[in-house]
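One structure is given here, and the rest of the page talks about it.
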Amino acid sequence: MAERETWTSRIGFIFAAVGSAVGLGNIWSFPFQTAANGGAAFLVVYLLAVFLIGFPTMMVEFVIGRRGESNPVAAFEKLGYGNWSFTGGLGVFSSLVTLSFYSVVGGWVLSYIAGSVTGGYFGDAGAYFGSVASGPVAIGAHLVFMAITIGIVASGVTDGIERATKVMIPAILVLLVGLAAWATTLEGATAGYEYYLSPDFGVIASNFGSIVPPAMGQAFFTLSLGFSVMIAYSSYLGRDDSLPADGGAIVVVNTLVALLAGFVVFPILFATGGAEGAGGGAGTAFIALAGAFGNLPAGGVIGFVFFAVLLFAALSSSISLLEVPVSYVTENYGVGRRTTALAMGAAIAVIGLPATFGTTWLDFYNDVVFNLLLPISVFLLAIFVGWVADREAIDELGRGSSIGSSFTTAWLWWVRIVVPTVVLMTLWLGLETLYEGLTTGGYF
Ligand code: PHE
């Protein structure tokens, strides 16, 4: 069997992992989730979720991945706990489902790049969304997006994923900073910043139950946790890299990109009317932003740059989602990478088709992943590393790093008690959302 690939450098791994983390979640959902959930109040809860729960959970996946040195299912066997491999399998399944609808939204982004050139959305942003979000255009764009994703993953870990993300991540950062700088010149920008940045703690207190699940879900999703992605990516990592340092860098850059996106989106929205109506679900974000671009001088150019950033972000994430099932099938069944990427990609494209029928399907897929699969998976991972895995596996955290054993012990207890408790609470609240959507006919 061919030797397993590894990242060519530590920075290559960081780029790829940041690429996975930075995605539609940061630039598209984050600002709009913030808008839907009370502005700065949501931001505070989200940041706490990212650093207090997300970061330790990322270490959980890194420990399993690097120590297991194989795909997310086989990793558990290599660690000596084969009967836990269903946990990795759950991540593989979640990656499949997520990519299937993520790619549909990726297709929308392609249509909006085209619309920035043709001016398609300038007149009536709502009508444009209607024409590209479902039906034949949506199907075509979804397939194109999947094809690009397949192409990159088929080229391999270093030649495909590492190389692509090394170009896309710097481009995203530079363009976003440029857009944020430009946004400061807009009239109304100040009102946007204010809405974004001054938390109303009364809002947090009175809406705790409705803010925490989306903030937690968003924190896991944006860090690509609970999908076995970080298990797969860290399995290609050298033994002498510091997991906490790499993870810290990934979390910080990912958070910066989300925050930056807010500095682009809110001034633009407030320059053309405000954030009302921007919060309600998948499509409103596209309609609100495109509408704003249509009303701004040189809006087509700005729109083009914005949607190009969004496309890079979406692609650098979608390749990580495809890598998970591909690494599993190539390693466990010995099928070639190209064939697997193509076959898996095609299957995923088909699974995603219902999401091109209308946004309610997309919301349903999204809610199942956010409210059900994700928290269950993170809960199992925390229990596994916290209570089941042996000390040797736990000590993987400190290998190649200068952290002391007291850091490892503190982390272990955090993962044993705090992470599972918070996640269970989130799961409970999230199930309510799902149940309501199903029983009140919210989805179908
Ligand atoms: N983190 C990506 C985003 O924020 C999405 C993603 C989730 C990618 C899970 C891979 C795995 O858009």
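What spacing in nm lies between the two simple spin-label points modelled at residue 301 and residue 184, each 7 Å away from Cα in the Cβ direction?
In this crude label model, residue 301 to residue 184 measures out at 1.9 nm.
State whether the range 295-444 is rounded, prolate or oblate according to the following rule on the C-alpha gyration tensor (a ≥ b ≥ c being the square roots of its eigenvalues): a/c under 1.5 gives rounded; otherwise a/b larger than b/c gives prolate, and the remaining case gives oblate.
prolate
Dipole of the chain, Cα-centred, from +1 at each Lys and Arg C-beta and -1 at each Asp and Glu C-beta, to the nearest 20 debye?
Charge dipole, the chain, about its Cα centre: 520 debye, nearest 20.
Compute the Rg/Rh shape ratio of the chain: radius of gyration over Kirkwood radius, all on alpha-carbon atoms.
With Rh from the inverse mean 1/r over Cα pairs, Rg/Rh is 0.95.
Below 8 Å, C-alpha to C-alpha, sequence gap of six or more: please give me the relative contact order for the range 10-439 in percent.
34
Helix 136-154: angle to the longest alpha-carbon principal axis of the chain, degrees 0 to 90, nearest 10?
In the chain, helix 136-154 runs at an angle near 30 degrees to the longest axis.
For every helix of n ≥ 4 consecutive DSSP H residues, a contribution of -39,500 (n - 2.57) applies; sum these over the chain, divide by its total residues, and give [θ] at 222 nm rounded to the nearest 500 deg cm²/dmol.
-23000 deg cm²/dmol
Starting from the coordinates of the alpha-carbon atoms of the range 1-88, obtain the Kirkwood hydrodynamic radius over all distinct pairs and give the value in Å to one decimal.
Hydrodynamic radius (Kirkwood, Cα only) of the range 1-88 equals 15.6 Å.
Of 177, 164, 219, whose Cα points farthest to the positive end of the dipole of the range 147-251 (charges on the beta-carbon: +1 Lys, Arg; -1 Asp, Glu; origin at the Cα centre)?
Farthest along the dipole direction, towards plus: 164.
With springs connecting C-alpha atoms under 10 Å apart, model the chain as a Gaussian network and identify which of 297, 420, 56 has the largest mean-square fluctuation.
The residue with the greatest mean-square fluctuation here is 297.
What residue among 404, 137, 21 has its Cα farthest toward the positive end of the dipole of the range 10-439, where the charges are +1 on Lys, Arg and -1 on Asp, Glu, each on the Cβ?
Selected residue: 404.
Against the longest principal axis of the chain, how steep is helix 282-295, in degrees 0 to 90 to the nearest 10, with axes from Cα atoms?
On a 0 to 90 degree scale, this one is about 40.
At a 10 angstrom cut-off on C-beta neighbours, averaged per residue, how do the peptides 314-320, 3-9, 436-442, 175-181 rank from highest to lowest?
Descending packing order for the listed peptides: 314-320, 175-181, 3-9, 436-442.
For residue 207 and residue 421, calculate 0.36 nm times their separation in residues minus their Cα-Cα distance, and state this gained length in nm to one decimal.
That works out to 75.1 nm of additional length.
For the chain, find the longest principal axis of its Cα atoms and tell me its angle to the long axis of helix 299-333, 0 to 90°, nearest 10.
20
What base-10 log of the normalised intensity I(q)/I(0) is obtained for the range 134-213 from the Debye formula, alpha carbons as equal point scatterers, at q = 0.14 Å⁻¹?
-0.90
Each value in this text was obtained by applying a stated rule to the coordinates, not by laboratory testing. Computed from a prediction, not measured in an experiment: that's the story for all the values here. Note: ideal-geometry Cβ built from the backbone for every residue, glycine included; neighbour counts use all protein chains shown.
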